[in-house]
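What follows is a short report on a single structure.
Throughout, read-outs are computed from the coordinates displayed, never taken from laboratory work. The shown structure was predicted, so the numbers you read here are calculated from the model rather than taken from an experiment. Neighbour counts are summed over all protein chains in view; Cβ atoms, including those assigned to glycine, are modelled from backbone coordinates with ideal geometry.
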Amino acid sequence: MSPRVAVVGGGISGLVAAHRLRTLLGASAEIVLLEQRDRLGGVLHTVDLAGMPFDVGAEAFLVRRPEMPALLAEIGLSSSLTHPTGATATIRAGGRTAGLPRGTLMGVPGRDAALDGVLSPAGMTSVAAERSRPLSWEPGADTALGGLLRERFGPEVVDRIADPLLGGVYAGRVDALGLRATVPALATALDDGAPSLTEAASAGMAASGQQAGTLAGPVFGAVRGGYGEVIAALVAASSATVRTGVTVRELERRDAGWRLVLGPVPEPETLDVDAVVLAVPAPALRRLLEPVVPVASAAAGRVELASSAVVALAYRASDVVDMPGTSGCLVAADEPLSVKGVTHASTKWAHLGEDGLVRVRASTGRFGEQATLQVDDAELVARTRADLLTLDGIDAEPVAVHVQRWGGGLPQYGVGHGGIVAALEEAVAAEPGLAVAGAMLHGVGVPACVGTARAAAEQLAQALAPAG
């Protein structure tokens, strides 16, 4: 008998899991994908911005990880892969804009870090002194990255460099992010006996080839037609039965397989399946696992989420002639601006300016700063435009605007995150026919999500394979 598998969650993780299950289980398997919202893609979302497909969630992925290039090849989109132009980024700190500092490991200065123009003279002195200060580190330990950096380098490295860089990845504050989960190369170097954070950062960069400049080729990639192309291709390739606008309220264990309770309480619907992939955010995962795998549920409940918003704007090129020719600007946490970063999208990605318009996206919202998002769309746009005047000299009326809010969109990788995930995965692995995937596990980037989805699908396919 052909297996029936439910995939709960229609973000990139759920879609990739469905596609991989189809590949492994064959055409006869029944794969049902259930998504609570009325659209697929999760935090990947492509909109029409003045006639051009434009991503207002994640915009790019690391191409030096193999997952996305391999996936694009599998679904016939390799020709849609594109890379950034040579435009460089800047950072706004101390009331002025300077080039993004070189020689740091995710904002942690190495011995050759070029920080002038970003730090004050006092800040530069603190960084220079760090290498000679005794460092106490217990191998295998974890700590809040922000606190460690403040103690070793002073506050400016945190507020002006590390926080903007990591805030762009996690929509979080570096003071709440765990060292081991967010900058693992730094933790490894400390475990190996680096005598200072400066030397640990240098060792981490050397191990990846960053310091010596030995890595060839582009770092990031994107899809010319936006992530919407990827989503559509995955749906087609998976041949899954896709149901949107459906809430999975309960997960129940059966003698063989699982039962999902769907829909509103007055009119419940049940779906019996042989296996389930749960590719949902941490709160939904906690709720569904609580009655069946309470240890995993408790682990999921320890993962906090951050909210953010993206404001995308399009301008006539003649209206923004003074805009810097950079790829964008990160904003230090102590700057009196509402945005945390601006991407000059049509400068960074050549295809986004092929029609002669200039497209910009600004991000706002950090973990613990919900009040900044508790305004209406018009106010968000007004604040963004005021900041664009300060950062880019743009005072023109945009020809198109899109506001995208991401409530609870990004999991926070706090202190001990690796242990939380290990406990969750160990408990789930003990349940036949059950697997988890998603951004809360091994990285918030798209390649990491693809990796967890493939692993979940392969785990279930192996369990469903006929004996002998």
Binned Cα-Cα distance frequencies in region 171-274 - 5 Å width, integer %: 2, 9, 10, 10, 9, 9, 10, 12, 10, 10, 7, 2, 0
Residue-wise HN-Hα coupling along region 335-341, computed from phi with Karplus coefficients 6.51, -1.76, 1.60 (Hz; x: Gly, Pro): 7, x, 10, 8, 7, 9, x
5 angstrom amide H check on Leu410, placed H, neighbours 5+ away: Ala306
Extension gain (nm, one decimal) between Thr85 and Val375, 0.36 nm per residue minus Cα-Cα: 100.9 nm
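Determine the sum of side-chain charges near Ala453: Lys and Arg each +1, Asp and Glu each -1, restricted to other residues whose C-beta is under 13 angstrom from that of Ala453.
For residues surrounding Ala453, the net value is 0.
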Relative contact order of region 305-411, pairs being alpha-carbon contacts under 8 Å that are 6 or more residues apart, as %: 46 percent
Residues Trp137, Trp349, Trp406 arranged by fewest to most Cβ contacts within 10 Å: Trp137, Trp406, Trp349
3J(HN,Hα) from dihedral phi, region 252-268, Karplus parametrisation 6.51/-1.76/1.60, rounded to Hz, x for glycine, proline: 10, 7, 10, 4, 9, x, 9, 10, 10, 9, 10, x, x, 4, x, 10, x
Equivalent-ellipsoid semi-axes of region 102-208, from the Cα gyration tensor, Å, largest first: 18, 16, 13
Long-range HN-HN contacts of Ala400 with modeled amide H, under 5 Å: Ala314
Whole-Hz ³J(HN,Hα) from phi, Karplus 6.51 cos²θ - 1.76 cosθ + 1.60, for region 187-194, glycine and proline x: 4, 4, 5, 5, 4, 7, x, 4
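Computed FRET efficiency, Cβ-Cβ of Ala236 and Val321, R0 35 Å: what is it to the nearest 0.05?
Details: r = 43 Å, r/R0 = 1.22.
Given R0 = 35 Å and the Cβ-Cβ separation, E is 0.25.
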Share of alpha-carbon pairs per 10 Å distance bin for the chain, given as whole %: 4, 19, 28, 26, 16, 6, 1, 0
Estimated inter-spin distance, Asp116 and Arg224, nm [label 7 Å along Cα→Cβ]: 4.3 nm
For region 29-130, the spread of Cα positions along each principal axis, largest first, Å: 63, 32, 30
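Using just the alpha carbons, could you tell me how many Å³ per residue the convex hull of region 305-411 encloses? Present the calculation step by step, with values, prior to reporting the outcome.
Numbers: hull volume 10.7 nm³, N = 107.
Looking at region 305-411, the number lands at 100 Å³ per residue.
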Point-to-point label distance, Ala465-Ala141, nm (Cα→Cβ direction, 7 Å offset): 4.5 nm
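So how do Thr125, Thr85, Thr97 line up by other beta-carbon neighbours within 10 Å, fewest first?
Details: Thr125 11, Thr85 15, Thr97 19.
The most exposed by this proxy come first: Thr125, Thr85, Thr97.
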